[in-house]
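Chemist: Starting off with a structure, shown below.
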Amino acid sequence: MIKSFSMQSIQSQFGGELLVANDYVKDILIDSISTDTRVIKAGDLFVALRGENYDAHDYLKNAVNSGASALVVNEGSRDKLNDLPLSGLTIWLVDDTVKALGQLAQYQRECFDGQLFAITGSCGKTTVKGMLKSIFVEALGEEKVFATAGNFNNHIGVPLSIFSMTSRHEVAVIEMGASGLKEIEYLTSIAKPNISIVNNVMPAHVEGFGSIEGIAVTKGEIYQRLTRGDTAVVNADSDYASLWLEDLYSNKSITDILQYSIENAPASQIQASNIHKLKNGCYGFSLFNKKINQASDIGLSVFGEHNVANALAAASCACAANVDLNNIKKGLENFGGEPGRLEIINYGQKFTLINDTYNASPGSVKAAIDTLAGIGNESVLVLGDMGELGDESDSRHEEIGEYALEKNIAMLLAIGEKTKRTVCSFGENGQHFSSFDSLVSELVNILSSEAVVLVKGSRSAHMEVVIDKLKKLGEATNACLVR
């Protein structure tokens with residue numbers, strides 16, 4: 001936590017009702033927050049959150065027995081305090097504990113003196129976050145850089161991320177995701193970024209937005225909280241760049257707009273050129289900063305030509321913060337990828353296994369197919385359903401099969417109701433399976449030492465099961481999954 005606080009100061013700033021046994025308890029300083037009684041520590045402030053399938057107010061006694069010094073409780077659950085020993089506790093009663101969690105994070109953010117970067121986009125935002133973190137680790141050292149852990153990027157995860165920041169951090173890289181309108185606006189009201197970027201807009205999670213245009217508007221909300229002295233980093237290659245720029249130029253308090261382009265858009269200040277494949281299968285490119293008229297050749301350490309665009313996005317954010325090109329180069333070249341995102345799995349097997357199971361949207365699946373097509377001839381795509389595509393689900397799944405065929409993917413193995421359409425549009429070298437066991441069994445039968453297997457699907461598809469089964473089977477047979 002950046003700065004400890006008393007519950008009295010929080011109640012004074014944000015309202016609600018404070019229940020205390022005495023003034024001494026009211027002034028006790030809080031320096032740690034928990035939302036989970038399974039990991040709560042003595043002295044924590046426990047925030048009782050309520051979701052669709054759970055209510056943490058049912059576990060208030062657990063929090064007290066574990067040593068919580070204060071509780072944040074919904075006014076509507078006041079009756080659940082009746083059986084608790086409250087003599088040594090402070091209770092903050094509020095209308096909405098989720099909103100209160102955001103207010104507590106907002107208070108912490110106001111105490112942060114460093115630069116905060118906000119990153120959103122339909123796909124690749126976690127990779128951009130990791131690349132930008134790597135750049136700043138190179139420039140400042142590990143101990144001075146904070147970045148969102150895992151996928152803590154929603155209305156709960158962003159506040160929890162801010163609580164994990166400390167006064168020793170000089171830079172914070174915060175990832176922001178959304179599944180509906182106005183969600184990014186809410187997150188930026190808490191995080192108040194200094195430098196913001198929309199990596200891209202693609203048809204992912206369309207259900208919550210109504211259309212891809214709705215996605216673009218929501219992602220663009222990340223620029224709305226920027227004030228004088230802040231920077232909006234804009235992807236000039238996006239079909240929606242003009243939408244964001246129109247809003248930005250109408251905001252006279254913005255002092256800097258930094259555009260970047262992989263297609264040499266005329267207005268872009270940061271550009272990538274000479275994109276080429278390296279001997280290791282990764283990609284290199286030339287990074288050019290027109291603002292300072294300097295260039296640097298960069299060789300990435302992650303698969304996929306699409307990662308050049310991700311690297312350019314991260315580099316542009318770093319350029320907005322005046323990081324020198326040498327540190328940008330070293331940081332990008334040192335970045336080895338995120339778990340579950342084009343991650344090379346090596347347990348001694350004779351084939352190449354790529355774990356890309358973190359999530360899937362049409363754009364990210366196409367990028368994965370491009371990567372797979374560029375690595376080897378015996379390319380095997382193992383695919384699960386893509387979720388949250390709304391009315392476009394059928395056509396998008398069919399489109400992926402056609403795209404994989406066009407890119408000469410050798411074989412498609414799929415599981416899930418929606419991927420039946422993908423297999424159908426892919427054709428004769430596609431197979432659909434009703435269980436993970438049958439899929440893995442067939443996969444083992446077709447593998448050779450030349451095979452490159454990429455496994456992908458939405459979180460709801462649980463495609464990591466395929467990775468786990470292959471690893472366990474390989475370990476049990478001395479990693480000789482070749483028939």
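The values are calculated or read from the model by the stated rules, or taken from the named source; none is laboratory data. Just so we're clear, the structure is a prediction, and the values are computed from it rather than from any experiment. In this analysis, Cβ positions are derived from the backbone assuming ideal geometry, glycine residues included, and neighbour counts consider all displayed protein chains. Only protein heavy atoms, including side chains, enter the accessible area calculation; ligands, DNA and RNA are left aside. Shrake-Rupley method; radii C 1.70, N 1.55, O 1.52, S 1.80 Å.
Chemist: Filter segment 275-305 for residues that are at positive phi and open to solvent by 10 Å² or more (accessible area, probe 1.4 Å); which is modelled with the lowest pLDDT?
Modeler: So, considering only residues that are at positive phi and open to solvent by 10 Å² or more (accessible area, probe 1.4 Å), the one modelled with the lowest pLDDT is Gly281.
Chemist: Out of all the residues in segment 306-344, which are of a type in the set (Gly, Ala, Ser), more than 23 Å from Pro266 (Cβ to Cβ) and at pLDDT 95 or above?
Modeler: Ala321, Gly331
Chemist: Quick one: Glu388 ticks every box in (1) part of a loop (DSSP other than H, G, I, E, B); (2) at negative phi except a single one, so which number is it?
Modeler: (2)
Chemist: Just to be sure before I move on: is Leu332 crowded, with 24+ Cβ neighbours inside 10 Å and either of a type in the set (Lys, Arg) or in a strand (DSSP E or B) (or both) in the structure I sent?
Modeler: So Leu332 fails the test.
Chemist: Looking at (1) open to solvent by 10 Å² or more (accessible area, probe 1.4 Å); (2) assigned to a helix (DSSP H, G or I); (3) of a type in the set (A, V, I, L, M, F, W, C); (4) modelled with pLDDT under 95, can you tell me which one Leu470 breaks?
Modeler: All conditions are met except number (1).
Chemist: Okay, moving on. Condition check: modelled with pLDDT of 95 or more, hydroxyl-bearing (Ser, Thr, Tyr) and more than 23 Å from Gly130 (Cα to Cα). Does Tyr240 satisfy that?
Modeler: So Tyr240 fits the description; yes.
Chemist: Restricting attention to segment 167-184, and to residues there that are in contact with a helix residue (DSSP H, G or I) (Cβ under 8 Å, 6 or more places away or on another chain) and open to solvent by 50 Å² or more (accessible area, probe 1.4 Å), which single residue is modelled with the lowest pLDDT?
Modeler: For segment 167-184, the residue satisfying everything is Ser179.
Chemist: May I ask you to verify whether Ala367 is modelled with pLDDT of 95 or more, out of contact with any strand residue (DSSP E or B) (no Cβ under 6 Å at 6 or more places or on another chain) and among the aliphatic types (A, V, I, L, M)?
Modeler: For Ala367, the condition - modelled with pLDDT of 95 or more, out of contact with any strand residue (DSSP E or B) (no Cβ under 6 Å at 6 or more places or on another chain) and among the aliphatic types (A, V, I, L, M) - is not met.
Chemist: I'm trying to understand the selection: among the residues of segment 238-248, which are without any contact (Cβ under 8 Å) to a residue 40 or more places away in the chain and either among the acidic types (Asp, Glu) or open to solvent by less than 20 Å² (accessible area, probe 1.4 Å) (or both)?
Modeler: Of everything in segment 238-248, those that are without any contact (Cβ under 8 Å) to a residue 40 or more places away in the chain and either among the acidic types (Asp, Glu) or open to solvent by less than 20 Å² (accessible area, probe 1.4 Å) (or both) turn out to be Asp239, Ala241, Glu246, Asp247, Leu248.
Chemist: Of all residues in segment 44-77, which are without any contact (Cβ under 8 Å) to a residue 40 or more places away in the chain, in contact with a strand residue (DSSP E or B) (Cβ under 8 Å, 6 or more places away or on another chain) and more than 24 Å from His155 (Cβ to Cβ)?
Modeler: Val64
Chemist: Just to verify a result, which residue in segment 82-97, among those that are of a type outside the set (S, T, N, Q) and buried (at least 18 other Cβ atoms within 10 Å of the Cβ), is modelled with the lowest pLDDT?
Modeler: By that ranking, first place goes to Leu89.
Chemist: State the number of residues belonging to segment 437-466 that are open to solvent by 40 Å² or more (accessible area, probe 1.4 Å), farther than 30 Å from Ser122 by Cβ and not small (Gly, Ala, Ser).
Modeler: 5
Chemist: Also, I was wondering about something else. Go through (1) assigned to a helix (DSSP H, G or I); (2) more than 14 Å from Ala118 (Cα to Cα) one by one and return the number of the condition His169 breaks.
Modeler: (1)
Chemist: Another question about this same structure. Being under 27 Å from the mean Cα position of the chain (by Cα), surrounded by fewer than 17 Cβ atoms within 10 Å (Cβ to Cβ) and more than 22 Å from Thr371 (Cβ to Cβ) is the filter here, so list the residues in segment 249-263 that pass it.
Modeler: Of everything in segment 249-263, just one residue is under 27 Å from the mean Cα position of the chain (by Cα), surrounded by fewer than 17 Cβ atoms within 10 Å (Cβ to Cβ) and more than 22 Å from Thr371 (Cβ to Cβ), namely Asp256.
Chemist: May I ask you to list pairs of residues, at least six apart or on different chains, whose Cβ atoms are under 9 Å apart, with the first in segment 290-303 being under 14 Å from His276 (Cα atoms) and the second being among the β-branched types (Val, Ile, Thr)?
Modeler: Ile298/Val308; Ile298/Ile328; Leu300/Val308; Val302/Thr127; Phe303/Ile344; Phe303/Ile354; Phe303/Thr371; Phe303/Ile375
Chemist: With the structure loaded, tell me whether Ser164 is closer than 30 Å to Gln8 by Cβ, open to solvent by 10 Å² or more (accessible area, probe 1.4 Å) and of a type in the set (Gly, Ala, Ser) or whether it fails that test.
Modeler: For Ser164, the condition - closer than 30 Å to Gln8 by Cβ, open to solvent by 10 Å² or more (accessible area, probe 1.4 Å) and of a type in the set (Gly, Ala, Ser) - is met.
Chemist: Could you pull out the residue among Val444, Val465 that is in a helix (DSSP H, G or I), under 24 Å from the mean Cα position of the chain (by Cα) and within 19 Å of Phe351 (Cβ to Cβ)?
Modeler: Being in a helix (DSSP H, G or I), under 24 Å from the mean Cα position of the chain (by Cα) and within 19 Å of Phe351 (Cβ to Cβ) holds for just one of Val444, Val465, which is Val465.
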